[in-house]
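Colleague: Handing you a structure now.
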Protein chains: 2
Amino acid sequence: MECSDYNLTRHVERENLNLNPLQRAGMLTPEARRALYEFGDGYSVCDYCEGRLDQVNKPSINGFLDDLAKFIDADIVRTTHGARESKYIVINKICEPGDTIVVDGNAHYTSHLAAERARVNIIEVPDSGDSKHEITMDKYRETLENAIDDVGEIKLALLTHVDGDYGNVTDAKKFGKICKDLGVVSLLNSAYGMGRMPIKTNKWDLDFVVGSGHKSMAASGPIGVLAIKDEHAEDMLKRSPRHEKKEVELLGCTSRGTPIATLMASLPKVVERVNKWDEEVKLSRDFVDKLTEIDGIEQVGVRPTNHDLVRFDTPVLHEIGKNHSRKGFYLYEELKNRNIVGIKRGQTEWFKCSTYGMSKNQRDYIADSFKEIVEKYK
Amino acid sequence: MECSDYNLTRHVERENLNLNPLQRAGMLTPEARRALYEFGDGYSVCDYCEGRLDQVNKPSINGFLDDLAKFIDADIVRTTHGARESKYIVINKICEPGDTIVVDGNAHYTSHLAAERARVNIIEVPDSGDSKHEITMDKYRETLENAIDDVGEIKLALLTHVDGDYGNVTDAKKFGKICKDLGVVSLLNSAYGMGRMPIKTNKWDLDFVVGSGHKSMAASGPIGVLAIKDEHAEDMLKRSPRHEKKEVELLGCTSRGTPIATLMASLPKVVERVNKWDEEVKLSRDFVDKLTEIDGIEQVGVRPTNHDLVRFDTPVLHEIGKNHSRKGFYLYEELKNRNIVGIKRGQTEWFKCSTYGMSKNQRDYIADSFKEIVEKYK
C-alpha cells in the first residue's frame with residue numbers, strides 16, 4: 001500500500017513567537033533536546049530495568065523521582081501519561097461507580113471525562129458569576145458541605161489550581177484545609193501550575209496533586225505527574241498478586257521513553273524557573289497592562305492576573321474584521337506577518353494567550369504589534 | 001534545591017548490536033528521527049486541533065489513521081499510550097467487575113494487570129506443557145467452551161499473537177473463528193506482531209487488535225494502537241454528554257506528541273518491512289540454526305521459529321561461568337567487547353534475543369561470537 005504525506009513539519013510554530021498557552025511552558029530545554037536524541041528509540045529507558053520503572057537507576061529514574069517529590073513537597077510521586085490520566089487513576093481508585101465528587105466550575109474538560117469514565121457523578125462549585133469567573137474557597141466549602149448533607153458521603157473533591165480559560169489561580173492551601181476539615185480526599189489539578197509556580201503538596205495538606213509535563217514542565221508529551229500522600233500509597237500503588245513488582249493502577253509501567261527522558265533532563269531548569277515565578281507574573285501583568293491600553297481590549301478573569309495564561313475580550317479587533325476584505329482572518333495574517341502565531345485563524349472576538357518565558361522585549365513587541373494593527377485599520 | 005545527575009546517556013545501546021527483543025523493532029527510522037526534531041516540544045501535534053486528535057489534519061493525523069487502518073485491515077483505529085493501555089480500555093469497557101475472561105497461558109503480564117485493574121477474573125488456556133510451550137487453538141476452544149459451561153457468560157477472550165517468552169506465533173485467524181462461533185468478543189494482543197508481520201483484523205474476524213508502537217513499529221514510546229470492529233465503535237468511542245467531541249474511554253485525546261509523530265513518520269517504512277516478513281523469518285531461522293550448532297545451546301519454543309524473538313537454553317554458557325573468575329558476568333563482558341549488548345549482566349543459563357532488522361552479516365557475526373566465546377573457554 002501507498003501511505004499519504006502526513007505533512008510532518010512544524011517550522012511555523014517552532015520559528016515564531018507562539019502565544020498558544022497550551023504550548024508555551026512545554027517547550028523543550030536544550031538539555032531535553034539532547035535527551036530526545038539519546039532516548040528517541042522505543043523502550044529506550046528500559047535497558048537496565050529490573051521490573052520497576054520507578055526503580056531504574058540508569059538513567060536514574062529513581063533519583064529523578066526523589067528530586068521531583070522534593071520539588072513539589074510530596075511523599076511519593078509517579079509519572080503517568082498526562083494530568084488527565086493521573087486524575088482518572090485517582091478517581092477510579094478512590095470512588096465506586098455511582099459515587100459523587102465535587103469539582104470546581106472552572107474544571108478542565110478532562111476532569112469531567114475522568115469522572116465520566118469512572119462512572120462518577122459531579123456536583124459543581126459555581127464561579128463568582130461575574131467577569132472575574134472566580135472560584136472562591138468560601139463557595140467551595142459551602143458547596144462541599146451541602147453536597148455531604150445531600151448525598152451522604154463525598155469521597156473526593158477536585159480543585160483546578162489554574163484554569164485553562166481565565167488563568168485564575170485558586171487557593172490550593174485553603175482547599176486542602178477545607179477538605180481535611182470535612183474528611184474528604186483532595187485532588188489538585190495543577191496542569192497549568194506545576195512546573196511554572198511553586199507547589200507544596202504536604203504543606204497545603206493535599207492528598208493528590210497532578211501535573212502535566214508537556215503543558216508546564218518542558219517535556220515532550222505525553223507525560224503527567226501524580227503526587228500521592230503517604231497514607232494513600234498502599235492502596236493506590238497496590239502490587240499485582242501475580243506479578244509482585246508491578247503496580248496495578250499504573251498497569252506496571254507508565255511513561256517509558258522520550259517523555260520521561262525529556263522531563264528528567266529539564267527538571268533542573270524547571271526548578272530554577274519556578275523560583276522566578278514572581279518575576280514571570282510581573283512580566284505577564286506588564287504585558288496585560290500594555291495590551292489593555294488599547295481601547296476595546298479588556299482582560300477577563302481575576303485582575304491583576306496571577307498567571308501567564310490570560311484571556312481578553314477584543315471587540316475592537318472584531319469590529320475591524322467586519323469591514324476587512326479578509327474578514328476575521330486578517331488578525332491571524334497580520335500577526336503571522338509579524339512572526340507571531342498561536343491565535344486561531346479567524347478568531348477576533350476574544351482570545352486567550354500566554355507569553356510565558358518570553359523576554360520583556362518580546363512581550364513588548366507583541367503588545368506593540370497589536371497596537372499597530374488596531375491603528376492601521378481604525 | 002539541587003538536582004542529582006540522572007545519567008541521561010545511552011551510547012552503549014545506541015552504538016552496539018543490541019539483542020534485546022523489547023527494543024529491536026522500536027528503533028527509529030531516519031524519518032522518525034526527523035519528526036522527533038520537529039515535534040519534540042510538549043503538545044506539539046495540537047497546533048491546528050479543532051477538538052479531536054484523530055481529526056487533526058496538520059500534521060495529517062486523520063490521513064495517518066486511515067492508512068494505519070488499511071494497513072492492518074481494520075474498520076477503525078485509535079492510538080493509545082501502549083498495548084497495555086489498549087487492552088485495559090477494551091477489558092474495562094466490555095466487562096463489569098466480577099466478570100471472567102479467557103486468556104492464553106503465554107499472555108504478557110500486562111494482560112493480567114489490565115484484567116486485575118478492571119477487577120475481572122481470568123481463566124487460562126494452558127500451553128502444550130512441553131519445551132514448545134505452544135498454545136494450540138484446539139486447547140483454546142476447549143478451554144473457552146468449558147469456561148462458558150462453568151461460568152455462564154464469557155464476554156471476552158484474549159489471545160497473545162506472539163508471546164514475549166518464546167516468540168511462538170499463535171493462529172489468530174482460527175482464534176477469531178472460534179470466538180465468532182461461540183459468540184465471544186475477541187481481543188488479539190499483537191504487541192510483538194503488528195509492525196513486524198501482516199495483521200488482518202477483519203479477515204481474521206477479530207473484534208479488537210492491539211499493537212505497540214515502541215515495541216514493534218519504529219516509534220518513540222509510549223504509544224499503542226487499538227483496532228476496533230465497526231460494531232463496537234459506538235460503544236467504545238462513545239462521546240461525553242458534556243463535551244460532545246471527546247471520546248470518554250480515551251479521556252479525550254491520547255498520544256499527543258513525539259510518540260504519534262514518530263509512528264506517523266515511520267509508517268511507510270514499517271509497511272515496507274512487513275511486506276518482507278518472510279525474509280526476516282528466514283534470516284532468524286538461519287541465525288537459530290547457526291547458534292544451535294554449538295553443543296549446549298538449544299532453542300526453546302516452537303521449532304523452527306516463526307519470529308525474530310527466540311529463546312535459548314544455554315547450559316554450556318552456564319557451565320563456563322561456574323569456573324570463570326568473573327563468574328556469570330563473563331558472558332556480558334565478552335559480548336560487550338565484541339560490541340554486542342542486550343543480554344542481562346550475569347545471565348548465562350538461558351536468554352531470549354532478537355536479531356530483527358539486522359543484516360545477514362551482522363547475525364552471522366553474533367552467532368560466530370558465541371562460538372568463539374565457547375571455544376575460548378571449553
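The values are calculated or read from the model by the stated rules, or taken from the named source; none is laboratory data. Keep in mind that what you see is a predicted model, and the values were worked out from it rather than measured. Cβ sites come from the backbone with ideal geometry, for glycine too, and all protein chains shown count toward neighbours. What goes into the accessible areas is simple: the full protein's heavy atoms, side chains included, and nothing from ligands, DNA or RNA. Shrake-Rupley method; radii C 1.70, N 1.55, O 1.52, S 1.80 Å.
Colleague: What would the Debye equation give as log₁₀ I(q)/I(0) for segment A:231-378 at q = 0.10, 0.12, 0.13, 0.15 Å⁻¹, counting only Cα atoms as equal point scatterers?
Modeller: -0.54, -0.66, -0.72, -0.83
Colleague: Each label point is 7 Å from the Cα along the Cα-to-Cβ direction; what then is the distance between the points at A:Lys378 and A:Glu2, in nm?
Modeller: Between A:Lys378 and A:Glu2, the label points sit 5.5 nm apart.
Colleague: In debye, nearest 20, what is the charge dipole magnitude of segment A:1-92 about its Cα centre with +1 on Lys and Arg Cβ and -1 on Asp and Glu Cβ, if you could check?
Modeller: In debye, rounded to 20, segment A:1-92 gives about 280.
Colleague: Express the Stokes-Einstein translational diffusion coefficient of the protein assembly as shown in µm² s⁻¹, to the nearest whole number, given a Kirkwood radius over alpha-carbon pairs, 25 °C and a viscosity of 0.890 mPa s.
Modeller: 90 µm²/s
Colleague: How many partner chain Cβ atoms sit within 10 Å of a residue's Cβ in peptide B:257-268, on average, as a whole number?
Modeller: What the average comes to for B:257-268 is 5.
Colleague: Out of the DSSP beta bridges found with both residues in the protein assembly as shown, what percent are antiparallel (nearest 5)?
Modeller: Here the share of antiparallel DSSP bridges comes out near 55 percent.
Colleague: Whole-Hz ³J(HN,Hα) for each residue in segment B:57-68, computed from phi via Karplus 6.51 cos²θ - 1.76 cosθ + 1.60 with θ = phi - 60°, x for glycine and proline: what do you get?
Modeller: Taking θ as phi minus 60°, the curve returns 10, 9, x, 7, 5, 5, x, 4, 5, 4, 5, 5 Hz for segment B:57-68.
Colleague: How much accessible area does A:Leu283 have with a 1.4 Å probe, in Å² rounded to the nearest 10?
Modeller: Approximately 50 Å² for this residue.
Colleague: List, largest first, the extents of the alpha carbons of segment A:123-276 along their principal axes, each in whole Å.
Modeller: 43, 42, 24
Colleague: Probe radius 1.4 Å, ligands and nucleic acids left out: which of B:His307, B:His11 has the largest accessible area, and how do the rest follow? Spell out each step's value before the answer.
Modeller: On the way: B:His307 0, B:His11 90 Å².
Result of the area sort, largest leading: B:His11, B:His307.
Colleague: Packing-wise, with mean Cβ within 10 Å as the measure, how do B:187-195, A:180-188 rank, highest first? Let's see the in-between values first.
Modeller: Details: B:187-195: 29.0, A:180-188: 18.9.
Result, highest mean Cβ count within 10 Å first: B:187-195, A:180-188.
Colleague: With charges set only on the Cβ (+1 for Lys and Arg, -1 for Asp and Glu), what does the dipole of segment B:191-238 come to about its Cα centre, in debye to the nearest 20?
Modeller: Taking the Cα centre of segment B:191-238 as origin, the dipole is about 360 debye.
Colleague: If the limit is 19 Å between Cα atoms, which of B:Lys177/B:Lys229; B:Lys87/B:Lys282; B:Lys276/B:Lys336; A:Lys200/A:Lys352; B:Lys200/B:Lys246 go over it?
Modeller: Over 19 Å apart, Cα to Cα: B:Lys87/B:Lys282; B:Lys276/B:Lys336; A:Lys200/A:Lys352; B:Lys200/B:Lys246.
Colleague: Sort B:Glu298, A:Glu234 from largest to smallest accessible area, using a 1.4 Å probe on the heavy atoms of the protein chains.
Modeller: So the residues, ranked largest to smallest area, are A:Glu234, B:Glu298.
Colleague: Using per-residue counts of other Cβ atoms within 10 Å, averaged over each peptide, order A:134-143, A:161-170 from highest down.
Modeller: So the peptides A:134-143, A:161-170, ranked by packing, come out A:161-170, A:134-143.
Colleague: Let me ask something else about it. Excluding B:Lys173 itself, calculate the net charge of residues whose Cβ lies under 10 Å from the Cβ of B:Lys173, where each Lys or Arg counts +1 and each Asp or Glu counts -1.
Modeller: Charge balance near B:Lys173 sits at +2.
Colleague: Give me the Debye-computed log₁₀ of I(q)/I(0) at q = 0.11, 0.13, 0.14, 0.19 Å⁻¹ for segment B:220-303, equal point scatterers on Cα only, no solvent, two decimals.
Modeller: Log10 of I(q)/I(0), two decimals: -0.60, -0.73, -0.78, -0.97.
Colleague: Explain nothing, just compute: Karplus ³J(HN,Hα) = 6.51 cos²θ - 1.76 cosθ + 1.60, θ = phi - 60°, for every residue of segment B:295-300 in order, whole Hz, x for Gly and Pro.
Modeller: Values, residue by residue: 4, x, 10, 10, 6, 10 Hz.
Colleague: Between chains B and A, what is the buried accessible area in Å², counting both sides, with a 1.4 Å probe and ligands, DNA and RNA left out, to the nearest 100?
Modeller: Details: alone 18390 and 18440 Å², together 28660 Å².
Using a 1.4 Å probe on protein heavy atoms, the buried area is about 8200 Å².
Colleague: Which residue, chosen from B:Ile199, B:His112, B:His81, occupies the Cα position most advanced towards the positive end of the dipole of chain B, where the dipole is computed from +1 (Lys, Arg) and -1 (Asp, Glu) charges on Cβ about the Cα centre?
Modeller: The residue sitting most towards the positive pole is B:His81.
Colleague: What are the ³J(HN,Hα) couplings of segment A:197-212, residue after residue, when phi is run through the Karplus curve with 6.51, -1.76, 1.60 and θ = phi - 60°? Round to Hz, x for glycine and proline.
Modeller: 10, x, 10, 10, 3, 6, 4, 8, 6, 9, 7, 9, 10, 10, x, 10
Colleague: Roughly speaking, what is the centre-to-centre gap between segment B:211-288 and segment B:109-165 when only Cα atoms are used, to the nearest Å?
Modeller: If you average the Cα positions of each part, the centres end up 23 Å apart.
Colleague: May I pose another question? Amide H to amide H, which residues 5 or more places from A:Thr160 or on other chains are under 5 Å from it, using H placed in the peptide plane?
Modeller: A:Asp104, A:Asn189
Colleague: Per residue, what accessible area does the protein assembly as shown have, given a 1.4 Å probe and all protein chains present, in Å²? Each step should come with its number before you reach the end.
Modeller: Numbers: 28660 Å² over 756 residues.
For the protein assembly as shown, the per-residue accessible area is 38 Å².
Colleague: To continue, here is another question. May I ask you to give the percent of accessible area on the protein assembly as shown that is carbon plus sulfur, with a probe radius of 1.4 Å? Don't skip to the end; give the middle numbers.
Modeller: Values: 12930 of 28660 Å².
Summing carbon and sulfur atoms, their accessible area is 45 percent of the total for the protein assembly as shown.
Colleague: Other chains near A:91-98: what is the mean number of their Cβ atoms within 10 Å of each residue's Cβ?
Modeller: 1
Colleague: Residues with amide H under 5 Å of B:Asn306's amide H, sequence separation 5 or more or different chain, H placed in the peptide plane at 1.01 Å from N; which?
Modeller: B:Val169
Colleague: As a check on your grasp of the helix formula, calculate [θ] at 222 nm for chain A: sum -39500 (n - 2.57) over DSSP H runs of n ≥ 4, divide by the residue count, round to the nearest 500. Walk me through the numbers on the way to the answer.
Modeller: On the way: 15 runs with 156 residues, N = 378.
Result for chain A, helices only: -12500 deg cm²/dmol.
Colleague: Next up: Output the residues of segment B:43-87 meeting this criterion: accessible area (heavy atoms, 1.4 Å probe) in the chain alone minus accessible area with all protein chains in place is 40 Å² or greater.
Modeller: Those are B:Tyr43, B:Asp47, B:Tyr48, B:Lys58, B:Asp67, B:His81, B:Arg84, B:Glu85, which lose 40 Å² or more relative to the chain on its own.
Colleague: Between segment A:82-105 and segment B:329-378, what is the separation of their alpha carbon centroids in Å?
Modeller: 48 Å
Colleague: Using a simple spin-label model with points 7 Å from Cα along the Cα→Cβ vector, what separation in nm is obtained for A:His243 and A:Glu349?
Modeller: 4.9 nm
Colleague: Check B:Leu8: other-chain or 5+ apart residues with amide H under 5 Å from its amide H, H built from backbone geometry?
Modeller: Close amide H contacts, sequence-distant or interchain: none at all.
Colleague: Oh, and also: With +1 on each Lys and Arg Cβ and -1 on each Asp and Glu Cβ, and nothing else charged, work out how big the dipole of the protein assembly as shown is about its Cα centre, in Debye to the nearest 20. Can you show the working numbers first?
Modeller: Details: 108 positive and 122 negative charges, 370 e Å.
In total the dipole reaches around 1780 debye.
Colleague: List, shortest first and in nm to one decimal, how far the label point of A:Asp278 (7 Å from Cα along Cα→Cβ) is from its counterparts in the other copies.
Modeller: Its label point is 7.3 nm from the equivalent points in the other copies.
Colleague: Another one. Within a 10 angstrom radius of each residue's Cβ in A:8-17, how many Cβ atoms of other chains show up on average? Whole number is fine.
Modeller: 5
Colleague: Also, quick follow-up: What do you reckon, how do B:Trp350, A:Trp277 stack up by accessible area (1.4 Å probe), largest on top?
Modeller: Highest to lowest solvent-accessible surface, that is B:Trp350, A:Trp277.
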